[in-house]
Structures are given as structure tokens and as C-alpha cells.
1. Taking the chain as the reference, fit the longest principal axis to its C-alpha atoms, fit the long axis of helix 65-78 to the helix C-alpha atoms, and give the angle between the two in degrees, 0 to 90, nearest 10.
2. Which GluC sites (Glu not before Pro) from the range 1-95 combine a DSSP loop assignment with at most 16 other Cβ atoms within 10 Å?
3. Going toward the positive end of the dipole of the chain, with +1 on Lys and Arg Cβ and -1 on Asp and Glu Cβ, which of Val82, Pro50, Gly8 do you reach last?
4. I need to check one value: relative contact order of the chain, counting alpha carbon pairs closer than 8 Å and at least 6 residues apart, in percent.
5. Provide the descending list of Cα extents for the chain along its principal axes, expressed in whole angstroms.
6. Helix 14-27 versus the longest principal axis of the chain: what is the Cα-based angle in degrees, 0 to 90, to the nearest 10?
7. Please state the charge dipole magnitude for the chain, taken about the Cα centre, from unit charges on C-beta atoms (+1 on K and R, -1 on D and E), reported in debye and rounded to the nearest 20.
8. Taking trypsin sites (Lys or Arg not before Pro) that fall in a DSSP loop and have at most 13 other Cβ atoms within 10 Å as cut points, what is the longest piece of the chain between them?
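All of the numbers you see were taken from the coordinates with simple rules; none came from a lab. The structure displayed is predicted, hence computed values, not measured ones. A quick note on method: Cβ atoms are made from the backbone with ideal geometry, for glycine too, and the neighbour counts reach across all protein chains shown.
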Amino acid sequence: MRAYVGVGSNLGDRWANLAQAARELRQEPRIALLRASRVYDAAPLGPPQPRYLNAVLELEVEAPPLALLATLQAIERNAGRVRSPVRWSARTLDLDLLL
């Protein structure tokens, strides 16, 4: 299945966080990273916080969507992501399954 994942970071070394996400996805046996968009610098929504770096990754995945979501959440945790109850809070790494 083809999947598109939004990648974002606004805490710590933002470039390194995006690179770590791509590296960990490449290491997954049932995931092939096909392409990556340009990296964009973007203003955050919500409370005052640092600017984001964002990109989109195109993947070929041989796993069901919920397994991919679990993998994405594990990669976020590996990057130090702590889920906050505050909507739109700052984060080291945010991986969103777009399509």
C-alpha cells in the first residue's frame, strides 16, 4: 500500500529529528521510503512556540494501517516525543499518517 506521512519537529535539533524519522522508517523491514518532499519552515498554530520544520514522506508499506500507525508512534517515542494534553503543543517529532 502507498502511504504518505507528514513529518514535523519544533523542539531540539529539528533537522536531526526529521533525519532520525527517515532513518528509522528505512530500517523497518515492511516499509520502503520512496520519496521525500522539500523541508519547509512553518509558523506554529496554537500557543506561542518555536517554528516547525515539516516535510512529507512517500512510503510503500507491506503492513496494515494500524501497524504502520504503531510504528510511527514508536518512532516518535524514540525521538523523545511526550504526548501533551495541550492541543497543538510543541514536540520533538510529529509523524502524521496523511493518506
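1. Roughly 50 degrees between the two axes.
2. Details: sites: Glu24, Glu58, Glu60, Glu62, Glu76; in loops: Glu62.
Filter output for the range 1-95: Glu62.
3. Pro50
4. On the way: 180 pairs, mean separation 42.7, N = 99.
About 43 percent, as a whole number.
5. Largest first, the chain extends 39, 28, 21 Å along its Cα principal axes.
6. Value to nearest ten degrees: 20.
7. Numbers: 13 positive and 10 negative charges, 39 e Å.
About 180 debye.
8. Numbers: sites that count: Arg30, Arg38, Arg51, Arg83, Arg87.
The longest such stretch corresponds to 52-82.
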